[in-house]
Amino acid sequence: MAEVWLVLKRVLGLDPALFASVYTDPGALLVPALVIALVAAASTMLGHVAILKLNHIGGLRLLSALVLSAVVMAVLQVVEVAVTWVVASVVLREPLPLLPLLIVGLFSTAPLALNFLTAIPHFGLMLGRVWQAWSYLIVVVGVAHAFQLKFWWALGFTLAGWVAMQLLARLMHRPLNWVGSRIWTLATGRPTMVTAQDILSGAPIVPVVQRTEGHR
Amino acid sequence: MIAWILGTLAIAALVFVLLSPLESLRWWADRGEREVRDTFELLPEESCADTDSHRFLVYLSGVGVLGGDELSGRELAWLESVAAEVPDVTVVADVFPYSVDNSGLLQRATVWLWGFLDRVRRRMYSNPLHFLINFRNITQVLVSSDPRYGPTQSIGLAQEIWHSLQRHGYVPGSGDPVYLAGFSGGAQMALGAGWFLRGIGVPVSLISIGGIFGDDPGLDRMGHVWHLSGSKDRMQHLGDVVFPGRWPTAPLSTWGRAKREGRVTKRVIGPMQHDGAKAYFGRRSFGPDGRNYAEITRDAVVEILREPAPSDPVLPAR
């Protein structure tokens, strides 16, 4: 655990020596990287406790939702890294080693270990954006150092990965929503998610005019 | 040792802030959703006063208040003076804005803590300990302004305001205008609740008295927003700073939209500070024309109440 803590601190500090060792000895950093990602996923779920509360989710269902969130986060991270890998390999005309890139991707979740702080009312949302920016910076710096690329190349490759993810999210909007909803229902036992925005839309409110008829 | 104490206090404050949304979330999970489904219940006729008023002023106090029935002497005197000036307006001032179910801090299991802090405030004002009351209520202002938690908080408050309006004679469906007068953080709470009140057909406007508020969605449903401030009140600028939706860089926010549509009026009414004897309800501090601060504030509010009621805003397409 002490080793994971040390690696976490070095990742957050964008330590170039650490990212260089990702390329030379990726196997040694795989376990700490996975633990960091797990901590980040758990912390993210703690930050989202409001949504779960709104949906009356507790006990085993809460645990299922936590695991589900961790899996989704890992899948998204792997897809983004894979896209970055494809783009970089095509542009450089030689396949980059995948494992170091995967570890950089897992490392980039390090700032999200503080995601529980996003539960802070109002300021939490701003903190969430800061963590995301920090996370992206880790990917860029990590890719640059791990593969000894210039900063702008690393930025270009990672940006391509990010853009691809955004496009994918928009193009696959409907099927992803359907799958997400099915998985959510399986994990939590609730057919739909009620968010604060749903409440704001006024959907559950019965108009007074209807209810007042015959009352007074 | 000092660092240890400060660190402990900081962690305690962080935990307190982190837990602050739980009150409204627990309420929503336990009974709020059910109540709202039956909602905005109508009170039995015997609980409602008869009134000839067709205008209502709902006063929501600042973050120093302990409960709906715990207004300061200055506030009570000021509200009486407003009611005397505009007898055709019904003044409602029994809602605790920083709670989803109108339970004041002295009506809870932690009454011993809030009662103690209140006694400290009365006897040793210089002791900063009593600011824990303000801190607690400020966290609820932050909850209200957060799009994730705000709606659950605001729907509870709106329901309490709705009940109180009916107790004071408001006839549901009448379309009588309601002015939400929010002092300090009460302005943000008013905006949050205003969204839901307008949703059930109550025309609402906001009179902010040194109000601190964000770019709440409720702004879209306010007929008009009057922001009254004192030239020496620096606290009221917090809203301009802390809420990015109020920055000039956010012209598309609800605040930017309200300003663009001419639904915001800002008035500096005198040299008031934010809180205390030299603030908006002070009776021993006087403006250049000889009126005391409470009278200046009263006259500004009465002038608004005597204007024709604002028309409904055009809701943005969603």
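One table, with the values for the structure above:
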{"item": "Among residues of segment A:1-19, those that are assigned to a helix (DSSP H, G or I) and exposed (fewer than 15 other Cβ atoms within 10 Å of the Cβ), counted", "result": "7"}
{"item": "Options B:Pro271, B:Pro310, B:Pro203; residue that is open to solvent by less than 50 Å² (accessible area, probe 1.4 Å) and within 14 Å of chain A (Cβ to nearest Cβ)", "result": "B:Pro203"}
{"item": "Hits in segment A:101-118 - residues which are of a type outside the set (A, V, I, L, M) and open to solvent by 10 Å² or more (accessible area, probe 1.4 Å)", "result": "A:Asn115, A:Phe116, A:Thr118"}
{"item": "Condition check for B:Leu76: among the aliphatic types (A, V, I, L, M) and at pLDDT below 95", "result": "no"}
{"item": "Identity of the residue in segment B:69-95, touching a residue at least 40 places away in the same chain (Cβ under 8 Å) and β-branched (Val, Ile, Thr), that ends up surrounded by the fewest Cβ atoms within 10 Å (Cβ to Cβ)", "result": "B:Val86"}
{"item": "Any hit, segment A:136-146, residues being in a helix (DSSP H, G or I), within 14 Å of chain B (Cβ to nearest Cβ) and either in contact with a Phe, Trp or Tyr (Cβ under 7 Å, 6 or more places away or on another chain) or open to solvent by 40 Å² or more (accessible area, probe 1.4 Å) (or both)", "result": "no"}
{"item": "Residue within segment A:79-87 that is surrounded by fewer than 16 Cβ atoms within 10 Å (Cβ to Cβ), under 13 Å from the mean Cα position of the chain (by Cα) and either in contact (Cβ under 8 Å) with a residue 60 or more places away in the chain or within 14 Å of chain B (Cβ to nearest Cβ) (or both) present", "result": "yes"}
{"item": "Residue among B:Asp289, B:Asp216, B:Asp275, B:Asp312 that alone is at pLDDT below 95 and within 20 Å of B:Leu79 (Cβ to Cβ)", "result": "B:Asp275"}
{"item": "Residues that are part of a helix (DSSP H, G or I) and within 7 Å of chain B (Cβ to nearest Cβ), drawn from segment A:105-122", "result": "A:Ala119"}
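Per-residue answers, yes or no, for (1) in contact with a Cys (Cβ under 8 Å, 6 or more places away or on another chain); (2) in a strand (DSSP E or B); (3) buried (at least 23 other Cβ atoms within 10 Å of the Cβ):
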{"residue": "B:Ile207", "(1), (2), (3)": "no, yes, yes"}
{"residue": "B:Gly211", "(1), (2), (3)": "no, no, yes"}
{"residue": "B:Trp226", "(1), (2), (3)": "no, yes, yes"}
{"residue": "B:Leu252", "(1), (2), (3)": "no, no, no"}
{"residue": "B:Gly262", "(1), (2), (3)": "no, no, no"}
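The values are calculated or read from the model by the stated rules, or taken from the named source; none is laboratory data. Owing to the predicted nature of the structure, the values given are computational and were not obtained by experimental measurement. Note: ideal-geometry Cβ built from the backbone for every residue, glycine included; neighbour counts use all protein chains shown. In case anyone asks, the SASA skips ligands and DNA or RNA and just uses the protein heavy atoms, side chains included. Shrake-Rupley method; radii C 1.70, N 1.55, O 1.52, S 1.80 Å.
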